[in-house]
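**Student:** First, the structure itself, so that you have it in front of you.
The values are calculated or read from the model by the stated rules, or taken from the named source; none is laboratory data. These figures come from a predicted structure and were not determined experimentally. FYI the Cβ positions are ideal-geometry reconstructions off the backbone, even for glycines, and counts take in every protein chain you see.
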Amino acid sequence: MDIAWKLVKRGIGEWTIIMAREQYAGRGRYGRMWISPTGGLWMSIVFSKKLLSREALLRSHFVSPLAITRVIEEIYGIRSYIKWPNDVVIEGKKVAGVLVESKTKGYKIEGIVVGMGINTNIETDPIPGATSLFKITNKRVDNVEFGKKVFGEFLKLLCYRDYLGEYKSRLETLGREVVLSTYRGVVQGKVIDIDNNYTIIIKDKNNKKYNIDYFSVIK
């Protein structure tokens, strides 16, 4: 993603996709290291300046993992799910993750970059709790073609208004009991819904409801 931001700084104005065979300094949310060995698909999407907006930034959080689930189903014929806020999982194991970053100047958004890491052709589990699509299906794919398909679905969904129903159908966190670390402290309860502002709604044992934003973490 650092290379993507360098392009933004240089004034690139159109959609740009950057793919890497391997990353040595991949990162996830909160600067966590993202293990990115050879065989996986590591890509960043630089937004067109024509579509920079707060709405587009918000929608990117929804449609990025959803685009990945669509392509996984198209290519492998298996259904994957979204673990809120940004992971794609199969049978509880992570196969992909998304990081959406933006830079602003005052109230103006000057750039949006969507980073995606997808464990496609990796032969061993990258980390505990993660696996690869190759290990699940024993099928190798062309990462460039896979990335193109993800980008195509991303653009479709970005311009499509009624994606929330499909997103909810893929959200494995919905209906589950969770413990979240938030800026207000730890919140525990059942995820009962998600709204258009990309916040999940949790109801605790006392039937009190909380709206939890994207920046919270499931513990």
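**Student:** Can you find, within segment 92-140, the residue that is farthest from L180 (Cα to Cα) among those that are in a loop (DSSP other than H, G, I, E, B), touching a residue at least 60 places away in the same chain (Cβ under 8 Å) and not small (G, A, S)?
**Tutor:** Selected residue: K139.
**Student:** Search segment 175-200 for residues being in a loop (DSSP other than H, G, I, E, B) and without any contact (Cβ under 8 Å) to a residue 60 or more places away in the chain, and hand back the single one that is surrounded by the most Cβ atoms within 10 Å (Cβ to Cβ).
**Tutor:** Applying the filter and picking the extreme gives T199.
**Student:** Also, I was wondering about something else. In this structure, does E101 turn out to be touching a strand residue (DSSP E or B) at 6+ places or on another chain (Cβ under 9 Å) and modelled with pLDDT of 90 or more?
**Tutor:** Against the criterion (touching a strand residue (DSSP E or B) at 6+ places or on another chain (Cβ under 9 Å) and modelled with pLDDT of 90 or more), E101 qualifies.
**Student:** Is there a residue in segment 51-72 that is at pLDDT below 90, assigned by TED's automatic domain parsing to the domain that holds K105 and more than 25 Å from N197 (Cβ to Cβ)?
**Tutor:** Checked against the condition, which is being at pLDDT below 90, assigned by TED's automatic domain parsing to the domain that holds K105 and more than 25 Å from N197 (Cβ to Cβ), segment 51-72 yields no hits at all.
**Student:** Here is a follow-up. If a residue must be touching a Lys or Arg at 6+ places or on another chain (Cβ under 9 Å) and either more than 16 Å from L171 (Cβ to Cβ) or part of a helix (DSSP H, G or I) (or both), how many such residues does segment 54-91 contain?
**Tutor:** Of the residues in segment 54-91, 12 are touching a Lys or Arg at 6+ places or on another chain (Cβ under 9 Å) and either more than 16 Å from L171 (Cβ to Cβ) or part of a helix (DSSP H, G or I) (or both).
**Student:** Considering only segment 132-163, state which residues are modelled with pLDDT of 90 or more and more than 15 Å from Y76 (Cα to Cα).
**Tutor:** V144, K148, F151, G152, E153, F154, L155, K156, L157, L158, listed by residue number.
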